[in-house]
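Below: the structure, in structure tokens.
The values are calculated or read from the model by the stated rules, or taken from the named source; none is laboratory data. All values reported here derive from a predicted model rather than from experimental measurement. Cβ placement follows ideal geometry from the backbone for every residue including glycine, while neighbour counts extend to all protein chains displayed.
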Amino acid sequence: MSRRPHRAAATLRFAAYGVAVAVLLYLTQAPSEDLPHESLWDKAEHAIAWFVLTAIGLLFWPRRPGRIAAFAFAFGGLVEILQSSLPFGRDGDVRDLVADSAGILAALAIWAAVRRLAGRRAVAT
């Protein structure tokens, strides 16, 4: 992949993002006994996972922050619905969606700050 991920071929970006979504879906839906034992607080794990998902999306589609954030939030909601309804011993929890949202917002804030700094650098040169 190039040094500028948003310039990679669209199919490659969609495939890579699809893998990230699939891994996260597996980690959130697999039976609890099939997963590694948790080492972080559950809500922090949610925030970190959705931060990474959002950050990857922003790297691939930097001109679509609203769509990336909306997808990540909707995906978090879907995960909680699936956890509530599937028989894998997982529990849906609205607090997990709040933690997901914190990760999404953190990624957006950092993305906006980096873009602002890059814009200032371009003007200064």
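Return the only residue of Ala106, Ala74 being modelled with pLDDT of 95 or more, in contact with a Phe, Trp or Tyr (Cβ under 8 Å, 6 or more places away or on another chain), surrounded by fewer than 17 Cβ atoms within 10 Å (Cβ to Cβ) and not in a loop (DSSP other than H, G, I, E, B).
Unique residue meeting the criteria: Ala106.
Those residues that are over 20 Å from Phe51 (Cα atoms) and either of a type in the set (D, E, K, R) or in a helix (DSSP H, G or I) (or both), I need them from the range 84-102; list them, please.
Within the range 84-102, Ser84, Ser85, Arg90, Asp91 meet the criteria.
For the range 4-14, give me each residue that is modelled with pLDDT of 85 or more and surrounded by 11 or more Cβ atoms within 10 Å (Cβ to Cβ).
Leu12, Arg13, Phe14
Here are the criteria: (1) exposed (fewer than 11 other Cβ atoms within 10 Å of the Cβ); (2) on the phi > 0 side of the Ramachandran plot. Tell me which single one Pro87 does not satisfy.
Of everything listed in (1) exposed (fewer than 11 other Cβ atoms within 10 Å of the Cβ); (2) on the phi > 0 side of the Ramachandran plot, Pro87 misses just condition (2).
Would you check if Ala49 is out of contact with any Gly (no Cβ under 9 Å at 6 or more places or on another chain), of a type outside the set (Ser, Thr, Tyr) and under 28 Å from Arg115 (Cβ atoms)?
no
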